[in-house]
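Below is one structure, written out as structure tokens; comments come after it.
The values are calculated or read from the model by the stated rules, or taken from the named source; none is laboratory data. All values derive from a computational prediction rather than experimental measurement. Don't worry about glycine lacking a Cβ; one is built from the backbone with ideal geometry, like all the others, and counts go over all protein chains shown.
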Amino acid sequence: MLWLWLLLAILVAAVAGYISYRADVKRAVPYPWLTASLRGVVVLLTILLLLAPVFTITKHETRKPVVLFVQDNSRSIQDALGKDSTDYENNAKELINKLSGKYDVVTWNLDGSTAQDSLFDYKGDATDLSSALNRAQEYYGTQNLGAVILATDGRYNRGANPVYQSLSLKGALYTVGIGDTNLQKDLRIAQVYANKTVSLNNSFEIRADIVADKCRGYNNAISITENGNTVATSLVNIGGDKYDRSVSFTMRANTAGIHHYVITAPAADGETNTANNRRDVFVEVVDEQKHILIAAAAPDPDIKAIREALAGLDNYKITIRTNNDFPSLLDDYDILVLHQLPGQGYRSNPTIIRSDKPTWYILGNKVDNNALAGMKKPVAANISAMQGRNLYPAYNPAFNSFTLPQNIREVMDRMPPLNVPAGKIQLMPGAQALFTDRGDNNLPIWALQQGKKPSAIVTGEGLWRWRMYEYKNFGNSNVIDECIRQTISFLSTAADDKPFRVTMPKYVWSDQEAISLNAYLRNANNEAVNTPEVKLTVKDSSGNETPYSFERSGNAYQLNIGIRAGGTYSYAATTQYNGKTLTATGSFVVETIPLELMETGADYNLLYSLAENNNGAFFPTSAMANVYDSITANENIKPIIETNIETVPLIDRKWFFFLILLFAIAEWLLRKYWLAQ
């Protein structure tokens, strides 16, 4: 069809040229064939422009393979290299320069920094191999990633074991082993176990795992002290080169507050690394308990997930009731967790339905929509429990009811969906969504609301999967557990009769974490307000004070005081409201854990397995130069040719307009010049 239009355009242009030719002959133009030709070209080009043809442009681009060099810059690497650090850095730079001739080489340290001056600074306080590899896949998964070179000692102290993690790297993984695999004489307190909170006047246990290598003949007492006073000791006698046992201490919670215990293991003869011979333990002793009733329509793994998230918090007493075996009175309970309630048999438990206790609703396919409609909750729902849908969670950055871990967005992006009943669910006025549907941020998945009856809701079931997936991908379930704990704490705090409160996500922080606080002020109607200014003073153990002012956030307050040095701190917050001075006080602890010194030696087995599982190879530092030969010999690491096809309408090409104008002006000037003679 297009050729017919082109033929017609040529015919019209020829006619226009002929008419111009005859006219110029009559006017005695010296070269009428030239002006006629220009007229025909102008007409032809104009018709082509009006037809608006589309041209296809094909471009071929060759992309080199990307080789990502990831350097472990943690403190343990400096100790592992020792005096050989300069030689290692020179060899690494030589390898990078050599690879740069054939590949696009990108250099990172484990923290993701690309700055050259930080590649070999060895200042990292922790090692997270799995996150570094996941970051590589995230950044270069859609590009021509040929290889990842991971230079490390194989010791990790954060994140999941990368060997058992599904990395799905697009390129091959080559590992370079740094350090000595031979075990050195070392005795360490590998791990400690203690409840985070215990009740006043109760006994509790603190347990420590003692691990030793090449410490045969060691015979000493492991001690636990508080305020410099020895509270208890436990004798350890090592009869072999390998030792792995636990010692336990029974303590008594005699006073409320945060208690700081120090567990110490005397150094073995000839032991060089003594930084791991001490562990600090912090236990909060509370003088009150909140009683939580978890009522469920039927046994469900979500109930276990909530119970495990609250494990070790002795300030909560948990009672679980299922299958309509519910208490007739709720006077003994402070908080209700209703899992798939009210159900179809809700009329048999009207006490729960009419309760004014702070309540956390978890919906599912057993919920009765009519009964749910009459209960106060953070969302308005008109649902069909018989039909479900899978909703993936997205973190709401505007949420400010409490503070959660900084990596919450990264964790939630990897979570599976919750099974949410079909129907209309929308946020109530004054409520806040913690998580929304990834495809619709107006559809709440997890929400909270303050008021005379504070409430929270999770609109679907499957919290247990979230805990499982977080552990699978990150080696722990800290974020999901913290969401559960903070939701319970929100209900507990909102149920308190104090009009002014200051809370923290936790009261024990590491010296690598930014410390945050939240403040809440309620009026006589139990409504959150943040009209007056709130000031805060933080005091360290030496008596030095630092003043701050809270920032308003939503209808509450929040404050980030940054990273603090190890020690015990107290705080006092004040505000003026309705002619009264309101005060809230508390304390927190910053602990220092030398993660990079907790274990010595290199783990080449992990690095070998990691490379083997990802189509690569393992090399010790002495053979680092061979990495180049292995990569160049890998036939899968090769350039790719990308073909980009672009469709361009002729009308979008400005030069075409100027071309028509050029021919038209040329015709006009020639004719005007010749006729003027």
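Table: residues versus (1) in contact with a helix residue (DSSP H, G or I) (Cβ under 7 Å, 6 or more places away or on another chain); (2) aromatic (Phe, Trp, Tyr); (3) without any contact (Cβ under 8 Å) to a residue 24 or more places away in the chain; (4) closer than 30 Å to Asn634 by Cβ.
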site: Gly141; (1), (2), (3), (4): no, no, no, yes
site: Val148; (1), (2), (3), (4): yes, no, no, yes
site: Gly154; (1), (2), (3), (4): yes, no, no, yes
site: Gln184; (1), (2), (3), (4): no, no, no, no
site: Tyr193; (1), (2), (3), (4): no, yes, yes, no
site: Asn201; (1), (2), (3), (4): no, no, no, no
site: Ile210; (1), (2), (3), (4): no, no, no, no
site: Thr225; (1), (2), (3), (4): no, no, no, no
site: Thr233; (1), (2), (3), (4): no, no, yes, no
task: Kindly provide the set of residues from segment 527-542 that are of a type outside the set (A, V, I, L, M), over 26 Å from Gln450 (Cβ atoms) and either in contact with a helix residue (DSSP H, G or I) (Cβ under 8 Å, 6 or more places away or on another chain) or at pLDDT 90 or above (or both), ordered by number.
output: Thr537, Lys539, Asp540
- request: Answer yes or no: is there a residue in segment 74-90 that is farther than 30 Å from Leu661 by Cα, in contact with a helix residue (DSSP H, G or I) (Cβ under 6 Å, 6 or more places away or on another chain), of a type in the set (Lys, Arg) and at pLDDT 85 or above.
  value: no
- prompt: Which one is nearest to the chain's Cα centre (by Cα) among residues in segment 44-85 that are assigned to a strand (DSSP E or B) and basic (Lys, Arg)?
  reply: Arg63
- request: Report the residue count in segment 665-677 for those that are surrounded by fewer than 17 Cβ atoms within 10 Å (Cβ to Cβ) and within 19 Å of Ala13 (Cα to Cα).
  value: 3
message: Can you go through Asn369, Asn407, Asn400 and tell me which one is over 23 Å from Ala298 (Cβ atoms) and modelled with pLDDT under 80?
response: Asn400
field: Some residue of segment 461-476 being modelled with pLDDT under 90 and closer than 30 Å to Glu226 by Cα
entry: yes
message: Can you find a residue that is part of a strand (DSSP E or B) and touching a helix residue (DSSP H, G or I) at 6+ places or on another chain (Cβ under 9 Å) anywhere in segment 619-632?
response: yes
statement: The correct count of residues that are surrounded by 12 or more Cβ atoms within 10 Å (Cβ to Cβ), modelled with pLDDT under 80 and polar (S, T, N, Q) in segment 97-116 is 1
- request: For segment 457-464, state whether one or more residues are β-branched (Val, Ile, Thr), touching a strand residue (DSSP E or B) at 6+ places or on another chain (Cβ under 7 Å), assigned to a loop (DSSP other than H, G, I, E, B) and touching a residue at least 40 places away in the same chain (Cβ under 8 Å).
  value: yes
query: Does at least one position in segment 6-28 carry a residue that is aromatic (Phe, Trp, Tyr), part of a helix (DSSP H, G or I) and surrounded by 16 or more Cβ atoms within 10 Å (Cβ to Cβ)?
result: yes
message: Here are the criteria: (1) assigned to a loop (DSSP other than H, G, I, E, B); (2) in contact with a strand residue (DSSP E or B) (Cβ under 9 Å, 6 or more places away or on another chain). Tell me which single one Glu635 does not satisfy.
response: (2)
message: Whether any residue in segment 423-431 is crowded, with 22+ Cβ neighbours inside 10 Å, assigned to a strand (DSSP E or B) and not assigned by TED's automatic domain parsing to the domain that holds Asp128 is what I want to check.
response: yes
- request: Considering (1) among the aliphatic types (A, V, I, L, M); (2) more than 18 Å from the chain's Cα centre (by Cα); (3) buried (at least 17 other Cβ atoms within 10 Å of the Cβ), say which one Val411 fails and leave the rest.
  value: (2)
- request: Scan segment 13-31 and report the pairs whose first residue is closer than 26 Å to Ile47 by Cα and whose second residue is among the small types (Gly, Ala, Ser), with Cβ atoms within less than 6 Å and a gap of 6+ or a chain change.
  value: Ala13/Gly40; Ala16/Gly40; Gly17/Ala36; Gly17/Gly40; Ser20/Ala36; Tyr21/Ala36
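Matching residues to (1) modelled with pLDDT of 85 or more; (2) buried (at least 17 other Cβ atoms within 10 Å of the Cβ); (3) part of a helix (DSSP H, G or I):
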| site | (1), (2), (3) |
| --- | --- |
| Ala136 | yes, yes, yes |
| Ala160 | no, yes, no |
| Ser166 | no, no, no |
| Leu173 | yes, yes, no |
query: Quick check: is even one residue across segment 426-443 among the acidic types (Asp, Glu) and without any contact (Cβ under 8 Å) to a residue 24 or more places away in the chain?
result: yes
task: Specify the residue that is farthest from Tyr361 (Cα to Cα); the eligible residues are those in segment 298-331 that are assigned to a loop (DSSP other than H, G, I, E, B) and at pLDDT 85 or above.
output: Ala311
statement: The lone condition Met468 fails out of (1) in the same structural domain as Lys377 (by TED's automatic domain parsing); (2) in contact (Cβ under 8 Å) with a residue 40 or more places away in the chain is (2)
- prompt: Does Tyr122 count as outside any helix (DSSP H, G or I), touching a residue at least 40 places away in the same chain (Cβ under 8 Å) and either buried (at least 17 other Cβ atoms within 10 Å of the Cβ) or among the acidic types (Asp, Glu) (or both)?
  reply: yes
field: Spans of strands (runs of 3 or more DSSP E) in segment 198-276 with at least 1 residues of a type in the set (S, T, N, Q) and at pLDDT 90 or above
entry: 219-226, 229-237, 242-252, 257-264
